[in-house]
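Q: Before we start, here is the structure in question, set down as structure tokens.
The values are calculated or read from the model by the stated rules, or taken from the named source; none is laboratory data. Since this is a predicted model, take the numbers as computed values, not measurements. Cβ: placed from backbone, ideal geometry, glycine included. Neighbour counts: every protein chain shown. Accessible surface is based on the protein model in full, side chains and every heavy atom, while ligands, DNA and RNA are left aside. Shrake-Rupley method; radii C 1.70, N 1.55, O 1.52, S 1.80 Å.
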Amino acid sequence: KFIRKWQWENMWLVFTVVSLVLAPAVLTALTVRDAAGLYSSLSPGQYALPFIFGFGWGIAQVLFGLSIARLGLALGYGIIVGLGALLGTLTPILFQRIEVLGTGNGALILCGVAVMVAGIAVSGKAGRLRELESTSTAQASPGTGYAAALAVAVLCGVMAPMINFSLAFGQEIADEAIRRGTSPANAANAVWPVALAGGLAPNLAYSLYMLG
């Protein structure tokens, strides 16, 4: 109700602080044993990939906000989440467990991927038709704005699964958490602060830039 009165950058700054700083800090404190000792024992190399992929995901989050503002929630969300789910599902399998694709579960995954691809294509086409209907025939270049906004949404969808990659390539952090007494079910929570710290940088920088 009240957030409608805010500028985009005000809302995004609050989202950034709450979801990328406060929430992971509380989650880690509650579920990871000896978190301070864990993080102090890690090497720079163990931090690098989760942080870098998190940074890429953070850029995707900025693009997500811009895409929703330009395309609307239904179309932007459908394209971005569809692409994110598609790549987030396939990439870890292709790089780490490609043998799964030859099983029955693999066939189900590929069927689901096909449905997502079809949904993305239909959503994009529907948005294009809506944009053409709302564009005056007297305008010189109809569709230019939509094409740019769609390209941003596609780029966002491609980069969004990088948070999955942070978790996949941050397994050494999770393993160390288990060695220090964290349950396997909660071990991934030790990776979240590192991944989201990477995502914090572009989100915070862009919000402060817009506020300035």
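Q: Roughly how many Å² is the accessible area per residue of the chain, as a whole number, for a 1.4 Å probe? Intermediate values should be presented prior to the final figure.
A: On the way: 11660 Å² over 212 residues.
Roughly 55 Å² per residue, with all protein chains present.
Q: For every other residue with a beta carbon closer than 14 angstrom to the beta carbon of Pro184, add +1 if it is Lys or Arg and -1 if Asp or Glu, then tell me the sum.
A: Cβ neighbours under 14 Å give a net charge of +1.
Q: Enter the Cα centre distance for the pair the stretch 44-105 and the stretch 150-187, rounded to the nearest angstrom.
A: 10
Q: Gain in length, Ser43 to Ala148, computed as 0.36 nm per residue apart minus the alpha-carbon separation, to one decimal in nm?
A: That works out to 33.7 nm of additional length.
Q: Moving on. With a 1.4 Å probe and every protein chain kept in, tell me what percent of the accessible surface of the chain is carbon plus sulfur.
A: Its accessible area is 69 percent carbon and sulfur atoms.
Q: What's the local net charge at Leu38, with K and R +1, D and E -1, over the other residues with C-beta under 15 Å away?
A: Within the 15 Å Cβ shell, the charges total -1.
Q: Expressed in nm to one decimal, what extension gain is obtained for the pair Arg97 and Gln7 from 0.36 nm per residue of sequence separation less their Cα-Cα distance? Spell out each step's value before the answer.
A: Values: separation 90, 0.36 × 90 = 32.40 nm, distance 4.38 nm.
The span from Arg97 to Gln7 would gain 28.0 nm if fully extended.
Q: Give me the percent relative contact order of the chain, please, defined on Cα pairs under 8 angstrom at least 6 residues apart.
A: 47 percent.
Q: May I ask you to rank Val100, Val154 by accessible area, largest first, using a 1.4 Å probe over the protein chains only?
A: Val154, Val100
Q: Looking at the chain, do any whole DSSP H helices span at least 20 angstrom along their long axis by alpha carbon and average -1.0 or above on Kyte-Doolittle, and which?
A: Answer set is 44-71, 73-96, 104-134, 144-159, 192-211.
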